[in-house]
1. Just wondering, is there one or more residues in the range 193-211 that are modelled with pLDDT of 95 or more and part of a loop (DSSP other than H, G, I, E, B)?
2. Can you work out which of the residues in the range 194-216 that are open to solvent by 60 Å² or more (accessible area, probe 1.4 Å) and in contact with a strand residue (DSSP E or B) (Cβ under 6 Å, 6 or more places away or on another chain) is farthest from Lys55 (Cα to Cα)?
3. Can you name the number of the only condition in (1) at pLDDT 95 or above; (2) within 14 Å of the chain's Cα centre (by Cα); (3) within 24 Å of Ile265 (Cα to Cα); (4) open to solvent by 10 Å² or more (accessible area, probe 1.4 Å) that Gln6 fails?
4. Just give me the residues in the range 212-259 being more than 19 Å from the chain's Cα centre (by Cα) and part of a loop (DSSP other than H, G, I, E, B), in sequence order.
5. Which pairs do you get when a residue that is under 18 Å from Asn201 (Cβ atoms) and of a type outside the set (Gly, Ala, Ser), found in the range 1-18, comes within reach of a residue that is surrounded by fewer than 15 Cβ atoms within 10 Å (Cβ to Cβ) and at pLDDT 95 or above, reach meaning Cβ atoms under 6 angstrom, with the pair 6+ apart or on two chains?
6. How many of the residues making up the range 61-82 are within 30 Å of Asn236 (Cα to Cα), open to solvent by less than 50 Å² (accessible area, probe 1.4 Å) and of a type in the set (A, V, I, L, M, F, W, C)?
7. For the range 8-29, which positions are in contact with a strand residue (DSSP E or B) (Cβ under 8 Å, 6 or more places away or on another chain) and assigned to a helix (DSSP H, G or I)?
8. Search the range 38-59 for residues that are of a type in the set (Gly, Ala, Ser) and pair each with any residue that is assigned to a helix (DSSP H, G or I) and at pLDDT below 95 when their beta-carbon atoms are under 8 Å apart and the residues are at least 6 apart or on different chains.
Amino acid sequence: MSDFKQSCLILDKPSGISSNQALAKIKKKINQKKAGFSGTLDPLASGLLIIFFNKATKLCSLFLGADKSYEAIIKLGYISETGDSDGEIISVKDVPNLNDHDLRVLEEKYTGVIEQVPPMYSALKHKGVRLYEYARKGINIERDARKVTIYNVKLDILDRGHLALKVKCSKGTYIRTLAEQIGEDIGCGALLSKLVRTKINNIDLSSAVNFEDFLSSSDKDICEKHMRNVDSILDNIDAYQLSETDKIKILNGNKVLIDAKPCKILKFYDLTDNFLGVGEVNDNSELIPKKILV
C-alpha cells in the first residue's frame, strides 16, 4: 500500500494548528501531492480528522455529510468576537446559579431540529469569499438561519463558570454557535473554550493516530500501522464482488445487473478482492457506478 493510491489516515489533530496546516505537514511527511480531509476543524479544536489521499479523495464527500460527535467545554459569562476563546472578548457578565433541572431543560430545548445562524468567523462563502475574511475586515454579512439536527446533547456543571458538553449532530452544526445559544438562554453569554471531535459516522477518535507520533514514525510504521485502504472505513456499507465481465462494464461507466437489493451506496470489488469503487443500486437491481477508485 506504499503507493497510497486508495489510502486514508485517521488522525487526531492537535489544538493550535489549522486543518490545512496539519494536512500540509502530513503530505510533506509521506511525499504526497493530492490529499483532502473530511470537514475542517478550527485551530482551537482537536480530534478526529480523516485525511484522504489520491484516488481516495473521491470519497471525501461521504464523510463531509456525515453525522459527527463532539465533546466541549463552555465558558459562561464571556462573549467573544469568534464565539470561542481565540477571539477578542467583547462582553463579560455575572453567571447565575445553575442546577441539574436548568440543564435538563436546555438539553430538551436543543435536541431535535434547531435553527442556527452560521458565525461570521466560518469558512462559508459569500460571493466567493470566506465569511471570516469579511469578519477580519470588520464587515458583517447577513446570514440566513439554517436548520440542523441535534440527535442528543448532554450538559454537566464543571464549576460555577464552566459546562461540559457532549453532542451528536448533523452536518452543518456549529458547536461554537450552540455554546453561544446556550449562554444566551442562561442569560450571561458563553463561548467555547475547548472542542474535541470524537466521532465521524462510525469512525471513533480511539482509532486515530496522534499527530506528532505520525510525524516521527518510520516509513515502515506509516505503511503497516497508520495508513489504511479507504474501503476499511466504509465497514457500515454493504459490499459486492463483480465478475470479470461486469468489472469491465463498470470501469467503463456502464451499469450492470447484480444480485442485490436497491440501496443508495454499495462498495464493489473484483474477483481478487481489489476495491474498485462505490455505486448505487436502483430499483431494477442495476449497479450504477458513482466513484471509481482505480
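The values are calculated or read from the model by the stated rules, or taken from the named source; none is laboratory data. This one's a predicted model, so the numbers in the text were calculated from it and none came from an experiment. We place every Cβ from the backbone using ideal geometry, glycine too, and count neighbours over all the protein chains shown. Please note that ligands, DNA and RNA were not included when accessible areas were found on the heavy atoms of the full protein model with its side chains. Shrake-Rupley method; radii C 1.70, N 1.55, O 1.52, S 1.80 Å.
1. yes
2. Lys194
3. Checking Gln6 against (1) at pLDDT 95 or above; (2) within 14 Å of the chain's Cα centre (by Cα); (3) within 24 Å of Ile265 (Cα to Cα); (4) open to solvent by 10 Å² or more (accessible area, probe 1.4 Å), the one that fails is (2).
4. Scanning the range 212-259 gives Ser216, Ser217, Ser218, Asp238, Leu242, Ser243, Asn252, Gly253, Asn254, Lys255, Ile258, Asp259.
5. From the range 1-18, the pairs are Ile10/Ser207; Asp12/Asn210.
6. 3
7. Across the range 8-29, the qualifying residues are Ser19, Ala22, Leu23, Ile26, Lys27.
8. Pairs found: Ser38/Cys60; Ser38/Phe63; Ser38/Leu64; Gly39/Phe63; Gly39/Leu64.
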